[in-house]
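Engineer: Supplied in C-alpha cells, the structure appears directly below.
The values are calculated or read from the model by the stated rules, or taken from the named source; none is laboratory data. Every value quoted in this text rests on a predicted model; they were computed, and no experiment measured them. Every residue, glycine among them, receives a Cβ derived from its backbone with ideal geometry; neighbour counts consider all protein chains shown.
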Amino acid sequence: MTATEPRETRIPDPIDLDAAEEARLRAAAGIAPAPIAHPGAEYAGFEMVGIPDRPPQTDRERELYTLEEGEMLVNMGPQHPSTHGVMRLVLKVRSEVVTDLDVVLGYLHRGIEKLCENATYTTVLTYVDPMDYMSGMHNEHAPALAFEKLYGIEAPPRAQYIRALVVELNRVFSHGLMMGFLALDMGGLTPILYSFINRDEIVDMLSAISGQRMLFNFFRVGGVNFDTNDEFLSRLGTWHSKQLKNLKDNELLITDNEIFKARTKKMGIISREDAISLGVTGPNLRASGVPFDVRKAHPYPPYRDLEFDVITQANGDVYDRYIQRIAEIKQSMSLIEQIMDKMPHGPVQAQVPGIIRPRPGRAYAAIESPRGLYSVYAISDGGPNPYRFRMRDPSLITLQVMPKLMPGHLIADTMAVMASLDPIMGGVDK
Amino acid sequence: MRLIGERFPDVVSSLWTDEDTVEITIPGARNLEVLRTLRDDPELAFWMLADEAGVDYGPGVRFEVVYHLYSDLHPAWLRVRATVDRDDPSIPSITGLWEGAMFHEREMYDMLGIIFEGNRDLRRLYMSPDYKSFPQRRDFLLPDDAADSPAAGVNPLERPETWDLVRFANLGPLNPLADAGALPDASAVVADPAGDQPEGSPVEAGETDADASRPR
C-alpha cells in the first residue's frame, strides 16, 4: 500500500453497511427512514432481550410488556448476584421508579416432585434436601411426618425431640443468614461475614449429628438416623453460651445503623389483608401482624409440650420483617433450652422395614419452616413409592407479593425488599 | 363436620377424616361457591388457603384439584377435593378469592395442563413458554422408561428452542461486573481487529478504541 492510495481510516461495520444499504433503497423507493425499534437499541447495539419475541399469552403479560411513554424494561437476572439464586425479574421502570414487575422462574427447576414419585418412601427423604438448601432439616421433616401418617406409625418421643432440636438449630442459622444477606443487598459487606461465622458453628454441629453439612439426610420414616453424640452436645453447649452475645453484636452492627433504618423503615409494606390473600406465611406474615404459626395452629408432636408465644410485629415493612427474624432467633434459643431440659430417653427409631408399602390413602403434613408454611400432600396407592407427592414451598408463594409490593419503589430497593422476604430459589423452583 | 353437613348437605356422603384432616369431595364446577362459603361464613371462617395441588389419577380416570384450608376455629385442616374431567380439563379459577392461588394454578397448568377459567395470567411457571408437554401427567414417561411407548401428544425428550441459554445470558446493564469499560472494549476488538489495520499507520488524533465502538 502506497501513500498515494486513498486509505480507509476505519473498517466499515457490517451493521452500518446494511443500514446504509437499506437507507439507500428506501430513499430510491421514496419511503421514510426506518424507525428505531426500541428506544436505546441504537446505543446498546444489540437486540433488547426483555421483550418476548412472541405474542403475549395472557392479559397480564400484554399489560406488562406494553410500554407507555417514558417507560422501559430492565432485566434483572437470572445471573444477578443478589437475586438469591437463579431467578429473573423483569422490571418496568420509569426513570428510577419501578412501575410494574414480572417474576420469571424455572431456571433451577429439577422436577423434584416427579423424581420423588419414582422413588421409594424411604429414599424420598434424600431428594427433598437440596430443595430449600438453607433449611434441609425442615425439608425432611414434613415428608417424614406425612409418610408416618400414611404408614400409621409415630416416631418415638426421643426422636421427636431430636427432630425439634435440629429443626430449631436450622431455623437459627437460616434466620441469621437472612440478616446478613439483607445488609449485603443494601451494600453492607461486614454483617454477612459474621453471619457465616455463626452459621458455620451450627452447620458443624449438625454435621456432627448427621454426618453432612448441608444435605443432612437425617430424618427417617419413623425416627431419625442417629442419636445425639458427645461431639454434638459439647459443640451445642459452647455455641449456646455465646450465641446471644453474637446475636447482640450482629444487632449492634445492623439494627442501630442509621442508613439501614432509613432504607428499611416504611419500605415494602405488606398489609394484613394482602398478606392473607396472597398466601404469605411464616415470619413475613407475622411481621404484618397476623399471628399464624403452624407450630401453634397445628402443633406437631414435640411442640405441644413446649412453651412459646407467637411473635408478631405491627407494620409489615422491611424493618419489621428483619426484627421479626431476630425475635424468632431468640425464641428458638429458648425452645432449644426447653428441648434439652425435657429430652426423654429411649430409642430414636421405630421398627420400620426398608421398603414400606402404606395402605392406599392420603396424608397432609405441614410444618413451620424458616420461610413459612411448608407442607406435603402424599397419596399412596399401596405401592412402594408415593402415587403423588406434592410440596408446597413457602418461598414460591411469598414471591407473588413482589408485583404488588414494588410499584413506586426505586430499583435499588428491589433487592432490599426481596432479601427481606428471604426466598430461596432451590425451593421456589423445586 | 356438623357445620359442613349443614351447609353442604349433598357432599356429606363424601366426608372422610383422619387424625387431623377433614375431607370433602365436590364437582369441579362448584369449587367457587363452596370455597366462598367456607371462607366467608363466620362459623367456618377458613381464611387461609394453605395449599392447592393438582393430582392426576391416570388416563381415562380424572384430575383432581385439592385445596387445603385452615381456620382458627376448627382444629383440623379442611381438604376439598374438586374433580376435573381429564378429557376437558378446566375448572374455575379461585384467584378471585385468594390472589395467592396464582402461582399454584400456574404450576398446575404447567405440570398437568389444567385450564383455570378466569385466571388472568395462566402462563407456564417453570417450563419455557413454547414447551408443549405436561410433565406430571401419569402418561408422561421418563426417558429411561424405554420399554413404555410415550402416549400421544407427549414427548419426554422435547427440547424447546428457548432452552438455548444464549438468549438469556444478559450481562447488565445493571450487572456490577459489567463495568463501563469492559463492554466497549470487547466490541472494539471485534469491529477493529488489529490484523486488518495497515501496519505503521498512525491513529487519527482523538480516535480511540472506545470511539470506534460507538454507533456512527
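Engineer: Looking only at the range B:33-52, decide whether some residue is aromatic (Phe, Trp, Tyr) and away from chain A (no Cβ under 11 Å).
Structural biologist: Yes, because at least one residue in the range B:33-52 is aromatic (Phe, Trp, Tyr) and away from chain A (no Cβ under 11 Å).
Engineer: Something else: Check the range A:10-17 and report whether any residue there is modelled with pLDDT of 70 or more, more than 10 Å from chain B (Cβ to nearest Cβ) and surrounded by fewer than 15 Cβ atoms within 10 Å (Cβ to Cβ). Talk me through it step by step, then tell me what you get.
Structural biologist: Let us first name the residues in the range A:10-17 that are modelled with pLDDT of 70 or more, namely none.
Within the range A:10-17, none of the residues are modelled with pLDDT of 70 or more, more than 10 Å from chain B (Cβ to nearest Cβ) and surrounded by fewer than 15 Cβ atoms within 10 Å (Cβ to Cβ).
Engineer: Same structure, new question: What are the residues in the range A:372-385 that are of a type outside the set (S, T, N, Q), modelled with pLDDT under 90 and in contact with a helix residue (DSSP H, G or I) (Cβ under 9 Å, 6 or more places away or on another chain), if any?
Structural biologist: If we filter the range A:372-385 for residues that are of a type outside the set (S, T, N, Q), which is where we start, we get A:372-374, A:376-379, A:381-384.
Subset that is modelled with pLDDT under 90: A:372, A:381-384.
Once the filter is applied, which keeps residues that are of a type outside the set (S, T, N, Q), modelled with pLDDT under 90 and in contact with a helix residue (DSSP H, G or I) (Cβ under 9 Å, 6 or more places away or on another chain), the range A:372-385 yields A:Gly372, A:Pro384.
Engineer: Further, regarding this structure: Would you be able to tell me the number of residues in the range A:146-190 that are closer than 22 Å to A:Asp132 by Cα and β-branched (Val, Ile, Thr)?
Structural biologist: Narrowing the range A:146-190 to residues closer than 22 Å to A:Asp132 by Cα: A:146-148, A:160, A:162-185.
Those left that are additionally β-branched (Val, Ile, Thr): A:162, A:166-167, A:172.
The number of residues fulfilling the criteria is 4.
Engineer: Are any residues in the range A:109-127 touching a residue at least 60 places away in the same chain (Cβ under 8 Å) and within 9 Å of another protein chain (Cβ to nearest Cβ), and if so, which ones?
Structural biologist: Result: A:His109, A:Gly111, A:Glu113, A:Glu117, A:Asn118.
Engineer: Quick check on my filter: what residues within the range A:198-229 are in contact (Cβ under 8 Å) with a residue 12 or more places away in the chain and more than 30 Å from A:Pro358 (Cβ to Cβ)? Talk me through it step by step, then tell me what you get.
Structural biologist: Taking the range A:198-229 as the starting set, the residues that turn out to be in contact (Cβ under 8 Å) with a residue 12 or more places away in the chain are A:198-199, A:201-206, A:208-211, A:214-229.
The answer is A:Asn198, A:Arg199, A:Glu201, A:Ile202, A:Val203, A:Asp204, A:Met205, A:Ala208, A:Asn229.
Engineer: Does any residue of the range A:279-286 turn out to be outside any strand (DSSP E or B), at pLDDT below 90 and farther than 23 Å from B:Asp20 by Cβ?
Structural biologist: No, the conditions are met nowhere in the range A:279-286.
Engineer: Another question, if that's okay. State yes or no: is B:Arg39 among the basic types (Lys, Arg) and part of a helix (DSSP H, G or I)?
Structural biologist: Details: among the basic types (Lys, Arg): yes; part of a helix (DSSP H, G or I): yes.
For B:Arg39, the condition - among the basic types (Lys, Arg) and part of a helix (DSSP H, G or I) - is met.
Engineer: Let me confirm something: among B:Ala82, B:Ala45, B:Ala53, which residue is more than 21 Å from A:Thr398 (Cβ to Cβ) and either of a type in the set (S, T, N, Q) or assigned to a strand (DSSP E or B) (or both)?
Structural biologist: Details: B:Ala45 fails: either of a type in the set (S, T, N, Q) or assigned to a strand (DSSP E or B) (or both); B:Ala53 fails: more than 21 Å from A:Thr398 (Cβ to Cβ).
Criteria check complete, one pass: B:Ala82.
Engineer: What are the pairs, 6+ residues apart or on separate chains, where a residue within the range B:112-126 that is at negative phi and hydroxyl-bearing (Ser, Thr, Tyr) has its Cβ under 9 Å from a residue that is in a loop (DSSP other than H, G, I, E, B) and buried (at least 21 other Cβ atoms within 10 Å of the Cβ)?
Structural biologist: Qualifying pairs under 9 Å: B:Tyr126/A:Leu105; B:Tyr126/A:Lys430.
Engineer: Since A:Ser375 meets every condition but one in (1) within 12 Å of chain B (Cβ to nearest Cβ); (2) among the polar types (S, T, N, Q); (3) outside any strand (DSSP E or B), which condition does it not meet?
Structural biologist: The one condition A:Ser375 does not meet is (3).
Engineer: Can you pull out the helices (runs of 4 or more DSSP H) entirely within the range A:101-193 that have at least 1 residues that are more than 18 Å from A:Gly354 (Cα to Cα)? Don't jump to the end; show me each part of the working.
Structural biologist: Working: elements: A:112-117, A:121-127, A:136-151, A:157-185.
Filter on the range A:101-193 gives A:112-117, A:136-151, A:157-185.
Engineer: Here's another thing I want to ask about it. For the range A:202-218, how many residues are touching a Lys or Arg at 6+ places or on another chain (Cβ under 8 Å) and surrounded by 21 or more Cβ atoms within 10 Å (Cβ to Cβ)? Walk me through how you get there before you give the answer.
Structural biologist: Our first condition is that a residue be touching a Lys or Arg at 6+ places or on another chain (Cβ under 8 Å); within the range A:202-218, this holds for A:203-208.
Of the ones still in play, those that are also surrounded by 21 or more Cβ atoms within 10 Å (Cβ to Cβ) are A:205-206.
Residues that pass the stated criteria total 2.
Engineer: Something else about it: Can you find a residue that is under 21 Å from A:Leu108 (Cβ atoms) and crowded, with 21+ Cβ neighbours inside 10 Å anywhere in the range B:81-103?
Structural biologist: We begin by selecting, within the range B:81-103, every residue under 21 Å from A:Leu108 (Cβ atoms); these are B:102-103.
Next, from what is left, pick out any that are crowded, with 21+ Cβ neighbours inside 10 Å: B:102-103.
Yes, the conditions are met somewhere in the range B:81-103.
Engineer: Tell me which residues, restricted to the range A:65-90, are farther than 22 Å from A:Tyr133 by Cβ and either more than 9 Å from chain B (Cβ to nearest Cβ) or in a loop (DSSP other than H, G, I, E, B) (or both).
Structural biologist: Across the range A:65-90, the qualifying residues are A:Tyr65, A:Thr66, A:Leu67, A:Glu68, A:Glu69, A:Gly70, A:Glu71, A:Met72, A:Leu73, A:Val90.
Engineer: When you go through B:Asp40, B:Asp72 one by one, which is the residue that is of a type outside the set (Val, Ile, Thr) and without any contact (Cβ under 8 Å) to a residue 24 or more places away in the chain? Steps first, please.
Structural biologist: Working: B:Asp72 fails: without any contact (Cβ under 8 Å) to a residue 24 or more places away in the chain.
From the options B:Asp40, B:Asp72, the qualifying one is B:Asp40.
Engineer: Quickly run through the range B:87-108 and pick out the residues that are within 11 Å of chain A (Cβ to nearest Cβ) and among the polar types (S, T, N, Q).
Structural biologist: B:Thr95 - this is the single residue of the range B:87-108 that is within 11 Å of chain A (Cβ to nearest Cβ) and among the polar types (S, T, N, Q).
Engineer: Is the range A:422-430 home to any residue that is of a type in the set (D, E, K, R), within 10 Å of chain B (Cβ to nearest Cβ) and touching a helix residue (DSSP H, G or I) at 6+ places or on another chain (Cβ under 6 Å)? Before you say what the answer is, go through the steps one by one.
Structural biologist: The first filter runs over the range A:422-430 and keeps only residues of a type in the set (D, E, K, R), leaving A:422, A:429-430.
Filter again for within 10 Å of chain B (Cβ to nearest Cβ), leaving A:429-430.
If we keep only those that are touching a helix residue (DSSP H, G or I) at 6+ places or on another chain (Cβ under 6 Å) as well, we get A:430.
Within the range A:422-430, one or more residues are of a type in the set (D, E, K, R), within 10 Å of chain B (Cβ to nearest Cβ) and touching a helix residue (DSSP H, G or I) at 6+ places or on another chain (Cβ under 6 Å).
Engineer: Residue check, B:Trp16 against (1) touching a residue at least 40 places away in the same chain (Cβ under 8 Å); (2) within 14 Å of chain A (Cβ to nearest Cβ); (3) surrounded by fewer than 19 Cβ atoms within 10 Å (Cβ to Cβ), all met but one. Which one?
Structural biologist: Failed condition: (1).
Engineer: Output the qualifying pairs, or none if there are none: Cβ atoms under 7 angstrom, residues six or more apart or on different chains, first residue in the range A:357-386 and under 18 Å from B:Pro75 (Cα atoms), second residue assigned to a loop (DSSP other than H, G, I, E, B) and polar (S, T, N, Q).
Structural biologist: Close Cβ pairs satisfying both conditions: A:Leu373/A:Thr281.
Engineer: Kindly evaluate B:Val65 against the criterion of being more than 26 Å from A:Leu405 (Cβ to Cβ), of a type outside the set (Gly, Ala, Ser) and either touching a Leu at 6+ places or on another chain (Cβ under 8 Å) or surrounded by fewer than 23 Cβ atoms within 10 Å (Cβ to Cβ) (or both).
Structural biologist: Numbers: more than 26 Å from A:Leu405 (Cβ to Cβ): yes; of a type outside the set (Gly, Ala, Ser): yes; either touching a Leu at 6+ places or on another chain (Cβ under 8 Å) or surrounded by fewer than 23 Cβ atoms within 10 Å (Cβ to Cβ) (or both): no.
In short, no.
Engineer: Whether any residue in the range A:336-355 is on the phi < 0 side of the Ramachandran plot, within 14 Å of chain B (Cβ to nearest Cβ) and surrounded by fewer than 24 Cβ atoms within 10 Å (Cβ to Cβ) is what I want to check.
Structural biologist: Here is the first cut: in the range A:336-355, the residues on the phi < 0 side of the Ramachandran plot are A:336-345, A:347-355.
Now restrict to residues that are within 14 Å of chain B (Cβ to nearest Cβ): none.
Looking for residues that are on the phi < 0 side of the Ramachandran plot, within 14 Å of chain B (Cβ to nearest Cβ) and surrounded by fewer than 24 Cβ atoms within 10 Å (Cβ to Cβ), one finds none in the range A:336-355, hence no.
Engineer: Among the numbered conditions (1) of a type in the set (D, E, K, R); (2) touching a Gly at 6+ places or on another chain (Cβ under 7 Å); (3) under 30 Å from A:Ile202 (Cβ atoms), tell me where A:Arg357 comes up short.
Structural biologist: A:Arg357 satisfies all of (1) of a type in the set (D, E, K, R); (2) touching a Gly at 6+ places or on another chain (Cβ under 7 Å); (3) under 30 Å from A:Ile202 (Cβ atoms) except (3).
The rows are residues; the columns are (1) more than 12 Å from chain B (Cβ to nearest Cβ); (2) under 21 Å from the mean Cα position of the chain (by Cα); (3) surrounded by fewer than 24 Cβ atoms within 10 Å (Cβ to Cβ); (4) among the hydrophobic types (A, V, I, L, M, F, W, C).
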{"site": "A:Ile269", "(1), (2), (3), (4)": "yes, yes, yes, yes"}
{"site": "A:Asp274", "(1), (2), (3), (4)": "no, yes, yes, no"}
{"site": "A:Ala287", "(1), (2), (3), (4)": "yes, yes, no, yes"}
{"site": "A:Asp293", "(1), (2), (3), (4)": "no, yes, no, no"}
{"site": "A:Lys296", "(1), (2), (3), (4)": "no, no, yes, no"}
{"site": "A:Pro299", "(1), (2), (3), (4)": "no, no, yes, no"}
{"site": "A:Tyr303", "(1), (2), (3), (4)": "yes, no, yes, no"}
